[in-house]
Amino acid sequence: MALTYPDAPSARRPGRCWTIRVVGHRDRTASVTCSSACVMPPRSRDLAALRRFAEAHAAAHARAAAVHHDAACWCRRQRCALHEGTRVNCAGTVVLVLRHDPAVAQVWTLTEVCAACAPLMPHARVISRAVPPPPPPRDPEREGQATHSPSPSLPTVAPPRLVPGGFSAPSGPGPGPERVGTRRRTPTGRRGRAQTEGTTD
């Protein structure tokens, strides 16, 4: 079955992996190795003691390693070879799993993988889970300003004044319409002169 392996998002850091092995030698001795630069015991013929040390060393790594919530799935980095027969999309929280085959009893592997791949990996059990990051701190001053800050007042625009004829005058204060006084015309002619003369004493 063809599987797709999308690249890990650039925002995620690479998933970590620790491998502890019990390695045998030709002189019938064995030693313990770790993928990290850790101090290991010397070679020994006591294979049971070396296996107990390897198991305790893997547990110590598990206790010391805080699972990164933004770690990329290590299983996907390996093209999901441990469950290549099962299609799965990496999803869920990041978990730390310990893989160990008791039939072999020579290898202990700790890896950061996604919650979707973890149950599909053989001889694996979840040791710990990533803790979600805390929310960003709240800024009460900025929130107070956003809540109580008065909105900027818009300039008040007076409605246009309607004048006779269906036109609108410019808005805003201004001089009123000019009032033109009417003059009363005095009738001229004889009748007018007679009225004028009759009124004078």
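When the residues of segment 54-90 are filtered to those that are of a type in the set (A, V, I, L, M) and in a loop (DSSP other than H, G, I, E, B), the one that is farthest from Ala30 (Cα to Cα) is Val88. Within segment 1-23, the residues that satisfy the criterion of being over 27 Å from the mean Cα position of the chain (by Cα) and at pLDDT 95 or above are Trp18, Thr19, Ile20, Arg21, Val22, Val23.
Taken as a whole, segment 101-119 holds at least one residue that is surrounded by 10 or more Cβ atoms within 10 Å (Cβ to Cβ) and part of a helix (DSSP H, G or I). Among the residues of segment 120-138, those that are within 24 Å of Phe53 (Cβ to Cβ) and either free of Cβ contacts under 8 Å to residues at least 24 places away in the same chain or open to solvent by less than 80 Å² (accessible area, probe 1.4 Å) (or both) comprise Ala124, Val126, Ile127, Ser128.
Filtering segment 79-99 to residues that are under 22 Å from Val67 (Cα atoms), touching a residue at least 40 places away in the same chain (Cβ under 8 Å) and open to solvent by 50 Å² or more (accessible area, probe 1.4 Å) leaves Arg79, Leu82.
Going residue by residue through segment 51-70, is there one that turns out to be touching a Pro at 6+ places or on another chain (Cβ under 9 Å) and buried (at least 18 other Cβ atoms within 10 Å of the Cβ)?
no
Select from segment 86-119 the residues that are among the hydroxyl-bearing types (Ser, Thr, Tyr) and within 30 Å of Arg52 (Cβ to Cβ) and list them in ascending order.
Thr109, Thr111
The values are calculated or read from the model by the stated rules, or taken from the named source; none is laboratory data. The structure displayed is predicted, hence computed values, not measured ones. So basically every Cβ, Gly included, is an ideal-geometry build from the backbone, and we count neighbours across all protein chains shown. Surface areas here come from the heavy atoms of the whole protein model, side chains and all, with no ligands, DNA or RNA. Shrake-Rupley method; radii C 1.70, N 1.55, O 1.52, S 1.80 Å.
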